[in-house]
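Encoded as structure tokens, the structure appears first; notes follow it.
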Protein chains: 2
Amino acid sequence: MSRAEALSPARLKDAAPLFAALGDATRLGLLVSLCSGGPLTVTRLSGQFDVSRQAITKHLDVLAEAGLVKSARHGRERIWTFEPKRLEDAHQYLERLSREWDVALGRLKAFVET
Amino acid sequence: MSRAEALSPARLKDAAPLFAALGDATRLGLLVSLCSGGPLTVTRLSGQFDVSRQAITKHLDVLAEAGLVKSARHGRERIWTFEPKRLEDAHQYLERLSREWDVALGRLKAFVET
DNA sequence: AAAAAATGCAACCAATGGGTTGCATCAATC
DNA sequence: GATTGATGCAACCCATTGGTTGCATTTTTT
């Protein structure tokens, strides 16, 4: 994500799918597992949830599409790893939103005190 | 949201719908409008987007359900306002995730250096 | 070479989501 | 009190999503 500026429509179009990917409890669980449990395979991951392996695969695909995880084949297995960059993006988007809010509050305060 | 601790399943169940509400470009646009443009009515808001008023109403309902906006009737109109608290929650969830990641990196580093 | 393990692919299903249109209701104004 | 404005409610539509099952493919391992 390029620098500062405000939340343009283009930004929102980038931010939306990112947050959408985070908007599912199972996917958040997968991120936590990959964060703290290190790189893992699908079968290993699906052991931790009560849905099928294929369901987990789909969730991982969604996360990969959003850039939150990546995978690499290694022999007969595929290893999934957490990708911190995009989480930083999400963080910045939220930061910008609350900054816009603060600026608006500042304007309001200045107006009232006039 | 209560204090520190890690990302328990209960937390994830709370976080998911919050991020899901943020996971739509129109809804993010609405939040930006309400942040910087101050409290507004549905009809006024829908003027800024190319979807129907009813579509905007639905989006606002989703945001309200997630606690990101609130509304109050005022005569014949309903005024919608941004609610910053829940945004802070989202921020903290992301913060915790990246903290878990940092901890894992720390462990890895310690292991390698042994 | 055969069996076992890990993944990939595809079809299918029910539910949800984002959108629409049409009409009813409620409040303000002339 | 009749008209205009702002919302509310409901039905409906199509695409997407989250889930399933069954089978094919590719590597190991014995």
Given chain A, longest segment not containing exposed loop trypsin sites (Lys or Arg not before Pro) (DSSP; at most 16 other Cβ within 10 Å): A:4-75
Average partner coverage of A:14-22, which counts Cβ from other chains inside 10 Å: 6
Unit charges on C-beta of K, R, D, E only; dipole of chain B, Debye: 380
Sites B:L105 and A:A72 - FRET efficiency at Förster radius 22 Å, r taken between beta-carbons, to 0.05: 0.75
Within chain B, longest stretch clear of exposed GluC sites (Glu not before Pro) (DSSP loop, no more than 11 other Cβ within 10 Å): B:6-112
Computed helical MRE - 222 nm, the protein assembly as shown, DSSP H runs ≥ 4 contributing -39500 (n - 2.57), nearest 500: -21000 deg cm²/dmol
R0 of 30 Å, Cβ-Cβ distance B:E113-B:A6: FRET efficiency to nearest 0.05: 0.75
Per-copy distances of the A:A10 label point, shortest first, in nm (7 angstrom along Cα→Cβ): 4.4
Alpha-carbon Debye profile of the stretch B:9-112, log10 I(q)/I(0) at 0.12, 0.18, 0.21 Å⁻¹: -0.49, -0.85, -1.05
Ascending list, in nanometres, of distances separating the B:D102 label from those of the other copies (7 Å, Cα toward Cβ): 1.8
Highest-MSF residue in chain B out of B:A25, B:A16, B:A64 [GNM, Cα springs under 10 Å]: B:A25
The stretch A:9-112, relative contact order [Cα under 8 Å, separation at least 6], %: 26
Simple spin-label estimate for A:S98 and A:A55 in nanometres, 7 Å along Cα-Cβ: 3.3
Per-residue HN-Hα couplings for the stretch B:66-79 [Karplus 6.51, -1.76, 1.60; θ = phi - 60°; Hz; x = Gly/Pro]: 7, x, 8, 9, 9, 9, 8, 6, 8, x, 8, 10, 10, 9
Cβ-vector label at 7 Å, A:A72, separations to other copies in nm: 5.6
Positive minus negative residues near B:L108 (Lys, Arg vs Asp, Glu; Cβ under 14 Å): -1
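Rule-based calculations on the coordinates, nothing more; no lab input. Just so you know, these numbers come straight off a predicted model, no measurement behind them. Cβ coordinates were reconstructed from backbone atoms using ideal geometry, including for glycine residues, and neighbour counts include every protein chain displayed.
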